[in-house]
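First the structure, in the form of structure tokens, and then the observations on it.
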Amino acid sequence: MMGNVTLLEFLSMGREVANHRPWPRYQLDNKGWRALAEQMSVSNWEILAEWGEPAEVHVLLRGEDSGAIAVASHPCPDGSFYALGQFRPAAIRLERAIRDLWGLVPEGLEDQRPWLDHGHWGVTHPLGRPRQYDGGRHVYKFLKAEGDGLHQIPVGPVHAGVIEPGHFRFHCQGETVVRLEERLGYVHKGIAGLMSGKPILDAARIAARVSGDSTVAYSIAFARAVEAALGLEIPPRAHWLRALLAELERVANHLFDIGAVCNDAAFAIMLAHMGALREKLLDSNARLFGHRLLMDRVIPGGVAVTVDDDAIARLLALVASIRKGFKRGVSLYDQTPSLLDRTTGTGIVHSTLAHRFGASGFVGRASSRAVDARKLPGYPPYDDLDFTIPVLADGDVHARVVIRMEEIRISLNLIEQILTRLPDGAVSAPLPMRAGEGVALVESFRGEVALWVRLSEAGKVVRAHPHDPSWFQWPLLEAAIEGNIVADFPLCNKSFNCSYSGHDL
Amino acid sequence: MIPPIAKMLARHLIKGPHTAKDAVTPSERALRELAESLGITAQVKLGRSLAIREIDAGSCNGCELEIHAVNHPVYDLERFGIKFVASPRHADVLLVTGPVSWNMAEALRRTVEATPEPRWVVAMGDCAIDGGCFKGSYAVAGGAAAIVPVDMTIPGCPPTPVDILSGLLALLEAVEG
Ligand code: SF4
């Protein structure tokens, strides 16, 4: 066993791949990949994403202490690879998906059930070497829970509310949930396949629609990955405007989430109140930037919007008015014992689990994990801005609400900093035609979005892989609900607000 | 001390509702579309109310965000007698969003079948109309019409709350005659 080797020291035993930016990519042979898998059980390196190609598997890693980031790749011409999920449960679903999409078999993984492939595509391994699917239905075997008086409650994929589709299988004893098992993949759209072969700007539109609520974050991630691959520096003003849009998106989503969590605790006035505040923000987005959700406003090379003095003044006024209304909402939350009674102590995620699954965003931060891509690795303009990352240890619904509240305050403050210090200049740079590979890590309102891309000399996307933070949060929801009552599930679920679309891809 | 909820309620009583002042009119485009797809025979008396069951057949969740927005106090869909219901059994209208992913095709078909007649299917958003930017994927069947008959569309990516309102008002008008 190796001693305290750092991530980069370890990976440098592989072959460095040229033209991969900003962080290196190393190819590991069988031995190297096995050693990496084994390191997973002793190191605190985090898996940030894992994906495939027809004959290669990639994993994006971060050395937790140093913050170093790198991609490890493993060519697997024989169609199988040693599964990291044996040592890191966070990778299990990723590797099941790799098998479904690229046909690479994760060796040693106990759970070999398909994940995204429900048997409806007409082909198997659509992104690897597709083969006509011979028909017949997949019967999905849910894990069993046995005992006296246990019963099952199947829910979904179509839910009662206006939410995305997914299936939840509850095993309950009376009102208490003994086990929840999720089954996802219903909204799998084949996004990685759609992006391949597309011109960069067309692929950017698809990237913006991986998860509509995080459209700005995904657009920034795609743009940053492309710019890294091209070795392109964009004007400072573009960075600042991107951050402005990203923080507006964060505030809008958090406002809605806080309202919706309270609504699921039967406190509807909060949803109405937060909804009205959010509407102010979306309405201003439409007026100033031409799209309520800010889709396609961030583009590879920069941004497609700008702000003049009048817009800055309006945005500053918007921040002030949201802050005022938000404060009222928070004091209502803080002083309503019947509401706090529902959120406090409900749906606890222990910090060890949050760490083990590498959960980012408010789910991680409510359970002691202080990761935030804006700080580590960090990207412009955040290195120039003054902000903190709120962390709590309780891990319950209440903590996830409070983290969001704190993040709204911080984001409003960031927006003011950005507006008052916005540098002048151009807002975009032309894209050169160059081949290369790039990767980016961007903080969405939900957590860390990773995006990897390979470009051809002809200015096309050869392959792209977007990774949603929900991958590492969904499994924790299963743990959070255990021992809670069924009636608290909507509350727990909303406090996570994982993306189905982003996860299912 | 006055509890915050009392303050908030009092403030709203004094300041009046958040509801958007601009009148929303039924969409002309949707009315023309409906005249073609429904004909005159479809008119029934629903007492000027519509119950909608939303079904996400593969959306990016952007369309859902705007559906939530029409339910918020600013657009306040319910003032028109239109409301979202939990079960297709209670619904008159199925509002389909997203391209239909093959993994959702069966669920969409069954949800439509579970809705009693007369029922209307509305494809909301560019994806539900023809697959949008997801068309051509191995995992996508196409727009909603690839799987179920569609009576009306609401274009946009996503359609704005006003688009959604005026589309639904057109439907209300058309089916009420
Ligand atoms: S129409 Fe646009 S917002 Fe709606 S689901 Fe499709 S991509 Fe998302």
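The values are calculated or read from the model by the stated rules, or taken from the named source; none is laboratory data. Here the structure is a predicted model, which means the values were calculated and not measured. Cβ atoms come from the backbone with ideal geometry, glycine included; neighbour counts cover every protein chain shown. These accessible areas exclude ligands, DNA and RNA; they are computed on the full protein's heavy atoms, side chains included. Shrake-Rupley method; radii C 1.70, N 1.55, O 1.52, S 1.80 Å.
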### Message
Let me spell out the model: positive unit charges on the Cβ of Lys and Arg, negative unit charges on the Cβ of Asp and Glu, origin at the Cα centre of region A:205-294. What dipole size does that give, in debye rounded to 20?
### Response
260
### Query
How high is the FRET efficiency from A:LEU340 to A:GLU457, r the C-beta distance, R0 51 Å, rounded to 0.05?
0.30
### Query
What is region A:7-132 by shape, rounded, prolate or oblate, if you read a ≥ b ≥ c off the alpha carbon gyration tensor as root eigenvalues and call it rounded for a/c under 1.5, prolate for a/b larger than b/c, and oblate otherwise?
prolate
### Task
Could you give the size of the charge dipole of chain B about its Cα centre, using +1 on the Cβ of each K and R and -1 on the Cβ of each D and E, expressed in debye and rounded to the nearest 20?
640
### Message
Sequence gap at least 6, Cα distance under 8 Å: using those rules, report the relative contact order of region A:7-132 to the nearest whole percent.
### Response
20
### Task
Show A:CYS492, B:CYS133 ordered by accessible area, largest first, where the area counts protein heavy atoms only and the probe is 1.4 Å.
B:CYS133, A:CYS492
#### Entry: Mean separation of Cα contacts under 8 Å, 6 or more apart, over the residue count of region A:411-490: relative contact order %
19
### Task
Can you figure out the FRET efficiency of B:ARG110 with A:LEU143, using R₀ = 22 Å and their beta-carbon distance, to the nearest 0.05?
0.30
## Note on the structure
For region A:191-504, the charge dipole (Cβ of Lys, Arg +1; Cβ of Asp, Glu -1; about the Cα centre) points to a positive end, and the Cα of A:LEU201, A:PHE362, A:VAL397 closest to that extreme belongs to A:LEU201
### Message
For the pair A:VAL155/A:ALA286, report the inter-label distance in nm, with labels modelled 7 Å from Cα in the Cβ direction.
### Response
3.2
### Query
Counting Lys and Arg as +1 and Asp and Glu as -1, what is the net charge of the other residues whose Cβ lies under 12 Å from the Cβ of A:ALA225?
+2
### Query
Round to a whole number: what % of the accessible area of the protein assembly as shown belongs to carbon and sulfur, probe 1.4 Å?
53
### Message
Using a 7 Å offset from the Cα along the Cα-to-Cβ direction at both B:ARG11 and A:LYS31, what is the distance between the two label points in nm, to one decimal?
### Response
6.8
### Summary
Interface call, region A:169-212: threshold 10 Å², probe 1.4 Å, accessible heavy-atom surface of protein chains, chain by itself vs complex, result A:TYR186, A:VAL187, A:HIS188, A:LYS189, A:GLY190, A:LEU194, A:ARG205, A:ILE206, A:ARG209, A:GLY212
### Query
If we count every other residue with Cβ under 9 angstrom of A:ALA373's Cβ, Lys/Arg +1 and Asp/Glu -1, where does the sum land?
-1
### Message
Given an 8 Å cut-off on Cα distances and at least 6 residues of separation, report the relative contact order of chain A as a percent.
### Response
18
### Query
In deg cm²/dmol, rounded to 500, what helix-only [θ] at 222 nm does chain A give when every DSSP H run of at least 4 residues adds -39500 (n - 2.57) and the total is split over its residues?
-12500 deg cm²/dmol
### Task
May I ask for the Rg/Rh ratio of region B:1-151, computed from Cα atoms with Rh as the Kirkwood radius, given to two decimals?
1.06
### Query
Counting only protein heavy atoms and rolling a 1.4 Å probe, how much accessible area do B and A lose on contact, total for both sides, in Å² to 100?
4200
### Task
Pop out a list of residues from region B:83-107 that are at least 40 Å² less accessible with all the protein chains around than in their chain alone; 1.4 Å probe, no ligands or nucleic acids counted.
B:TRP102, B:ASN103, B:MET104
### Chain-alone versus full-assembly comparison, region B:50-70, residues with accessible loss of at least 40 Å² (1.4 Å probe)
B:ARG53, B:ASP56, B:CYS60, B:ASN61, B:LEU65, B:GLU66, B:HIS68
### Summary
If each K or R counts +1 and each D or E counts -1, the residues other than A:ARG237 whose Cβ falls under 13 Å of its Cβ total -2
### For chain A, accessible area per residue (1.4 Å probe, heavy atoms of protein chains only), Å²
34
### Query
What lysines could a cross-link reach from B:LYS135, if we take a straight Cα to Cα line under 24 Å and drop same-chain neighbours fewer than 8 places away?
A:LYS189, A:LYS198, A:LYS460
#### Entry: Test item: Cα-centred dipole of the protein assembly as shown, Lys/Arg +1 and Asp/Glu -1 on Cβ, debye
540
### Task
Take every residue in peptide B:3-9, count the Cβ atoms of other chains within 10 Å of its Cβ, and give the average of those counts.
5
### Task
For every helix of n ≥ 4 consecutive DSSP H residues, a contribution of -39,500 (n - 2.57) applies; sum these over chain B, divide by its total residues, and give [θ] at 222 nm rounded to the nearest 500 deg cm²/dmol.
-11500 deg cm²/dmol
### Task
Evaluate the distance, in nm, between pseudo-label points positioned 7 Å from the Cα of B:GLU28 and of A:VAL123 along their respective Cα→Cβ axes.
4.5
## Note on the structure
Checked against a 23 Å limit on the C-alpha separation, the offending pairs among A:LYS280/B:LYS21; A:LYS324/A:LYS375; A:LYS494/B:LYS21 are A:LYS324/A:LYS375; A:LYS494/B:LYS21
### Summary
Looks like chain A, by Cα gyration tensor root eigenvalues a ≥ b ≥ c and the a/c under 1.5 rounded cutoff (else prolate when a/b is bigger than b/c, oblate otherwise), is oblate
